[in-house]
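Participant: Mind having a look at this structure? Questions to follow.
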Amino acid sequence: MAAGDGNRVWFPEMIETLRSRWNAAMPFPVLIELCSILDAMFQARRPRGPILPPGSRCPECGRIVGSESQQRHSISVRATILSLRRFGIASPEVTKRTEQEWARYRAENRLDIYGRTITSTAERVGKDSTCGHATPEE
């Protein structure tokens, strides 16, 4: 991997795939699938293994927990939509409209930022990602 590529998110082949497959009439399930394709391309180029030192200990149970920054980055649907404007694939107006429609579609269908259905377990993990023991709800 070339110097600096470890920090790069949008590789040229990903931009070309986005450019060739995107269209403004694309339904969200197809856009979600495109995001999965782009994410697979991204993951194939990322270095393996931990980048940061281990996380800290949970003050309640003493378990060593991973830091959020240690998790592998992924390409979200919104990141894909915003990249349409960034790389000149779609106009700012189309990008803004698509972003607003995505937010509405995501809420109506209870989807996470990657377009996957949210389950009660996933909702809990999102709020309490630092440790497995029970913590009081906010």
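The values are calculated or read from the model by the stated rules, or taken from the named source; none is laboratory data. Predicted, not measured: the structure shown is a model, and the values here were computed from it. Don't worry about glycine lacking a Cβ; one is built from the backbone with ideal geometry, like all the others, and counts go over all protein chains shown. These accessible areas exclude ligands, DNA and RNA; they are computed on the full protein's heavy atoms, side chains included. Shrake-Rupley method; radii C 1.70, N 1.55, O 1.52, S 1.80 Å.
Participant: Quick one: how many residues across region 87-136 are of a type in the set (Val, Ile, Thr), open to solvent by 70 Å² or more (accessible area, probe 1.4 Å) and at pLDDT 95 or above?
Facilitator: Summing the residues that are of a type in the set (Val, Ile, Thr), open to solvent by 70 Å² or more (accessible area, probe 1.4 Å) and at pLDDT 95 or above in region 87-136 gives 0.
Participant: Turning to a different aspect of this structure: If you check every pair at least six apart or on different chains, which have Cβ atoms under 6 Å apart with a residue in region 79-91 that is over 16 Å from PRO12 (Cα atoms) first and a residue that is of a type in the set (Asp, Glu) and modelled with pLDDT of 95 or more second?
Facilitator: ILE81/GLU99
Participant: All but one of (1) at pLDDT below 65; (2) closer than 30 Å to SER20 by Cβ hold for VAL65; state the number of the condition that does not hold.
Facilitator: Here VAL65 meets the rest and fails (2).
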